Ligand SMILES: [Zn+2]
């Protein structure tokens, strides 16, 4: 598999996780971790609504599901949405060298941290990922704001670290 085929496959696996979370009434963000050759090693999706754990973001759950490993520095992490500060930090901590992002139109995470740590960031700008998040945010704005730490009644001010378009 060529690198771009691996990235596409990993993003498709992450998207299936996002759709699974949505079907459970959860936040539709999914993640997948795979080898550079395209073998999936772990999957995960946001579990905040399902479990009440505010740190259970898709990427964090996926990395947790991967368990103890010594090959983080060789893996590819895919997420349907630009990884937030916590998830970008987790990827940097584990020295994951490639992060594939479905979209960053509905939320801008800390891609700058990833890039600053030497991580290769590939934004796929996938319309399926954009549509999933846009539909969810429109339907459940309060649930989404809770996910990214926007205080209640913050009005229309753009929260730090997000860049709605
Ligand atoms: Zn996150």
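Coordinate-derived values only; no laboratory data. Just so we're clear, the structure is a prediction, and the values are computed from it rather than from any experiment. Note that we place each Cβ from the backbone using ideal geometry, even for glycine, and neighbour counts take in every protein chain shown.
Looking only at region 44-61, filter to residues that are out of contact with any helix residue (DSSP H, G or I) (no Cβ under 8 Å at 6 or more places or on another chain) and assigned to a helix (DSSP H, G or I); which one of those is farthest from the ligand (Cβ to nearest atom)?
In this case the residue turns out to be 51.
Residues that are within 11 Å of the ligand (Cβ to nearest atom), touching a strand residue (DSSP E or B) at 6+ places or on another chain (Cβ under 8 Å) and within 13 Å of residue 148 (Cβ to Cβ): does region 63-70 have at least one?
Within region 63-70 (the criterion being within 11 Å of the ligand (Cβ to nearest atom), touching a strand residue (DSSP E or B) at 6+ places or on another chain (Cβ under 8 Å) and within 13 Å of residue 148 (Cβ to Cβ)), the answer is no, since none of the residues qualifies.
Go through region 18-41 and give me each residue that's touching a helix residue (DSSP H, G or I) at 6+ places or on another chain (Cβ under 7 Å) and buried (at least 19 other Cβ atoms within 10 Å of the Cβ).
Matches in region 18-41: 18, 26, 27, 28, 29, 30, 31, 32, 33, 34.
If residue 128 satisfies all but one of (1) touching a helix residue (DSSP H, G or I) at 6+ places or on another chain (Cβ under 7 Å); (2) more than 22 Å from residue 5 (Cα to Cα), what's the number of the condition it fails?
Residue 128 satisfies every listed condition except (2).
For residues that are more than 14 Å from the ligand (Cβ to nearest atom) and part of a helix (DSSP H, G or I), tally how many sit in region 18-43.
Total satisfying the criteria: 4.
Here is a list: 35, 51. Which entry is within 20 Å of residue 146 (Cα to Cα) and out of contact with any strand residue (DSSP E or B) (no Cβ under 6 Å at 6 or more places or on another chain)?
Being within 20 Å of residue 146 (Cα to Cα) and out of contact with any strand residue (DSSP E or B) (no Cβ under 6 Å at 6 or more places or on another chain) holds for just one of 35, 51, which is 51.
So for region 82-92 (the condition being in a loop (DSSP other than H, G, I, E, B) and away from the ligand (no atom under 13 Å from the Cβ)), does at least one residue qualify?
No, region 82-92 has no match at all.
Can you tell me which residue within region 62-78, out of those that are crowded, with 24+ Cβ neighbours inside 10 Å and in a helix (DSSP H, G or I), is farthest from the chain's Cα centre (by Cα)?
63
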